[in-house]
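Participant: Quick one: structure below, then a few questions.
The values are calculated or read from the model by the stated rules, or taken from the named source; none is laboratory data. All of these numbers come straight from a predicted model, not from anything done at the bench. Counting neighbours? That spans all protein chains shown, and the Cβs are built from the backbone with ideal geometry, glycine included.
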Amino acid sequence: MHNDLHLSVLSLTATLLLSAIAPIAPARSELSSLALAPANSSWLAQADADSAPADSSPAENWQEFTSQQGQFSVSMPGEPTEEIEPASDRNGNTESGSFLLELQGDTLGYGVFYKNLPNAPNSSDAAQLKEFFDGFRDDFVQNGVLEGNLIQERDISLENYLGRELEVTGSEGFIKMRVYLVEKRLYLLLAASQTKEAFPQDGDRFFNSFKLLANRPTKTGE
């Protein structure tokens with residue numbers, strides 16, 4: 001079960017990140033090279049199959065996690081599993097990373113994902129960023145990544161960088177996410193629960209704790 005769950009999470013991660021690239025990429029050829037899991041074996045469906053009881057994020061388990069490679073820190077109710085995919089000149093992939101904490105019960109998990117985007121829009125151009133985030137939203141919701149419905153969205157910011165917060169609900173559960181474009185790097189924060197009503201009160205602690213490292217390079221993704 002654990003291996004199946006882990007693979008399905010990575011597949012969902014890849015789908016989300018490729019969706020975000022759509023507005024700036026001339027082709028989505030990367031997608032065809034990935035063995036994406038079918039919708040009914042996604043993170044949400046697989047996590048639901050675990051019958052262990054809830055109480056997924058007791059306060060004493062929250063801890064700060066720092067990634068020098070990802071250039072961020074964040075608080076989670078446990079230690080995330082980290083995977084870094086280095087850039088590859090052979091297939092044209094840029095560096096990406098995933099930091100996933102899989103839970104049991106109503107709260108299914110938390111994740112931070114990043115991907116370097118050399119051709120990203122200007123992070124200080126509000127019009128370009130609106131088009132970028134609108135494209136991400138439309139791909140994620142309308143093209144059936146979750147087979148769900150957008151129930152809320154709002155503009156947000158991180159330091160001087162703009163972002164977007166989305167809440168999506170569907171047949172497989174509820175997902176809340178925040179996406180930021182920091183220079184040439186996309187950050188995606190995601191939390192999932194069985195239903196919106198089951199989303200934990202301390203879930204926003206995860207989102208609000210996310211910080212960029214002060215000593216990070218001024219530009220990423222190059």
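Participant: Report every pair of residues separated by at least 6 positions or lying on different chains whose Cβ atoms are under 6 Å apart, first residue within the range 61-77 and without any contact (Cβ under 8 Å) to a residue 12 or more places away in the chain and buried (at least 19 other Cβ atoms within 10 Å of the Cβ), second outside any loop (DSSP other than H, G, I, E, B) and among the charged types (D, E, K, R).
Facilitator: Qualifying pairs under 6 Å: none.
Participant: When the residues of the range 108-130 are narrowed to those that are surrounded by fewer than 13 Cβ atoms within 10 Å (Cβ to Cβ) and out of contact with any Lys or Arg (no Cβ under 7 Å at 6 or more places or on another chain), which ends up modelled with the highest pLDDT?
Facilitator: The selected residue is A127.
Participant: Being touching a residue at least 60 places away in the same chain (Cβ under 8 Å) and either of a type outside the set (S, T, N, Q) or surrounded by fewer than 18 Cβ atoms within 10 Å (Cβ to Cβ) (or both) is true for just one of R154, R185, R164, R178. Which residue is that?
Facilitator: R185
Participant: Would you mention how many residues in the range 78-117 are in a strand (DSSP E or B), farther than 23 Å from F136 by Cβ and in contact (Cβ under 8 Å) with a residue 24 or more places away in the chain?
Facilitator: 3
Participant: Checking the structure you have, find out if any residue of the range 214-222 is under 28 Å from T94 (Cβ atoms), at pLDDT below 90 and buried (at least 16 other Cβ atoms within 10 Å of the Cβ).
Facilitator: Yes, the range 214-222 has at least one match.
Participant: Out of G105, G92, which single residue is surrounded by fewer than 19 Cβ atoms within 10 Å (Cβ to Cβ) and of a type in the set (G, A, S)?
Facilitator: Exactly one residue qualifies, and that residue is G92.
Participant: Can you name the residue in the range 141-187 that is more than 16 Å from A127 (Cα to Cα) and polar (S, T, N, Q) and is also modelled with the lowest pLDDT among such residues?
Facilitator: Per the stated criteria, the residue is N143.
Participant: Give me a count of the residues in the range 191-215 that are touching a Leu at 6+ places or on another chain (Cβ under 8 Å) and over 15 Å from S75 (Cβ atoms).
Facilitator: Result for the range 191-215: 3.
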